[in-house]
Structures are given as C-alpha cells and as structure tokens.
Amino acid sequence: MEEKTVILKEAEYLKLKEEAGQAKEYWDKLLRLHADFENTRKRLDREKQDFIKFANEGIILELLNILDDLERTLTLEHAQHQDLAAFLKGVEMILSHLYEMLKEYGVRPIETEGKLFDPHFHEALMQVENKDLPEHSIVEELQKGYMLNDRVIRIAKVKVSKR
C-alpha cells in the first residue's frame, strides 16, 4: 500500500492529537477499572466461600453446648445410678434448651393438632375413618414439621380423617 499524505489545518491536527491523548488516557483508565473489577470479584468470591464455610459456626457452638449437657447427663446417670425421674427431668431440660435455641434462629414447629390438612405444610401418610371429625382433619402427628422463618424446611407427616 502506498502512503498518502493528508493535509490538515493546524487546528484540526491539534484537535486530533488532543483526542488521541484522551483516548489513550481513557484506555488506561478502562484497563485499571477492569483489573480493579476482577480483583474485587475474586475477593468477593473468597469472602463468599469463607461465609459459606463458617456461616453455621454460631449454631454449631450452641449445639455443642447441648451435646455437652447430654453427655454430662449420661455420665451422671451411669456414675450415680440416679432414679429414672431425675434422668428424664435432665433430658427434658436439655430438650427445652434445644427448642429455645432453635426458636432464636427462627425455627418453629408446624402446628397440626386440630388443624385441617394443608399440603403446603402436611404430608398425609395414613387415613382413618372418623365420623366425629370433619373430612381431612389431622388426627395424629407422626413426625413434626418445621418452618425456618416463613419457609417450610420439613413438612409434617400426619394421619388424616376420612368419612
């Protein structure tokens, strides 16, 4: 290809030269911003992984306290041969502590007693004939269901009436 000479007015030449300098400056800024973005993305990914890795630390520490209580209860039962009533009282206290801890984290049981069957909260495992109750009333809870805040995390398994 043959080189051509272009004749420009000095003002046009200076303007093009200024715009070329700005373009280079903008390109450098773009490269720095892109590098900053990539570094931030990588840092956020690391922080997210750490959060996921250690997010349950608080609840696990509380569960370890309950585990300690259970182990102490068993140790005392074996060592002192306490009566069964005292042993059961200790287990009830530990269970109460566990329910309180779950409540603090937004976990609550799904109510079933005296309720009508709702497939969003209950799973019917059995049906029994019962003329005294309305159709699809929950007769018995076979396994508790739980909610975490407003989300079902375990559906309640129930026995339902039919006519």
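The values are calculated or read from the model by the stated rules, or taken from the named source; none is laboratory data. Keep in mind that what you see is a predicted model, and the values were worked out from it rather than measured. Note that we place each Cβ from the backbone using ideal geometry, even for glycine, and neighbour counts take in every protein chain shown.
Can you pull out every residue in the range 37-57 that is within 22 Å of residue 105 (Cβ to Cβ) and aromatic (Phe, Trp, Tyr)? Spell out how you get there, then give the answer.
Taking the range 37-57 and keeping what is within 22 Å of residue 105 (Cβ to Cβ), we get 48, 50-57.
Answer for the range 37-57, where residues must be within 22 Å of residue 105 (Cβ to Cβ) and aromatic (Phe, Trp, Tyr): 51, 54.
Any residue at all in the range 111-133 that is under 21 Å from residue 100 (Cβ atoms) and at pLDDT 95 or above? Within the range 111-133 (the criterion being under 21 Å from residue 100 (Cβ atoms) and at pLDDT 95 or above), the answer is no, since none of the residues qualifies. Mind checking which residues of the range 116-134 are part of a loop (DSSP other than H, G, I, E, B), under 28 Å from the mean Cα position of the chain (by Cα) and surrounded by 15 or more Cβ atoms within 10 Å (Cβ to Cβ)? Matches in the range 116-134: 117, 121. Just for the range 136-148: of the residues that are in contact with a Phe, Trp or Tyr (Cβ under 9 Å, 6 or more places away or on another chain) and in a loop (DSSP other than H, G, I, E, B), which one is modelled with the lowest pLDDT? Result: 136.
Mind checking whether some residue in the range 59-81 is part of a helix (DSSP H, G or I), within 20 Å of residue 146 (Cα to Cα), among the polar types (S, T, N, Q) and out of contact with any Gly (no Cβ under 8 Å at 6 or more places or on another chain)? Scanning the range 59-81, I find no residue that is part of a helix (DSSP H, G or I), within 20 Å of residue 146 (Cα to Cα), among the polar types (S, T, N, Q) and out of contact with any Gly (no Cβ under 8 Å at 6 or more places or on another chain), so the answer is no.
Checked against the criterion of being under 30 Å from residue 61 (Cα atoms), exposed (fewer than 13 other Cβ atoms within 10 Å of the Cβ) and in contact (Cβ under 8 Å) with a residue 24 or more places away in the chain, the candidates 94, 110, 153 yield just one match: 153. Only one entry in 66, 60 is among the β-branched types (Val, Ile, Thr), within 24 Å of residue 106 (Cβ to Cβ) and free of Cβ contacts under 8 Å to residues at least 24 places away in the same chain, namely 60. Of 84, 16, 88, 33, all but one fail to be surrounded by 10 or more Cβ atoms within 10 Å (Cβ to Cβ), under 30 Å from residue 145 (Cα atoms) and over 32 Å from the mean Cα position of the chain (by Cα); the exception is 88. If you go through the range 149-163 and keep only what is modelled with pLDDT of 95 or more and in a loop (DSSP other than H, G, I, E, B), you end up with just 155.
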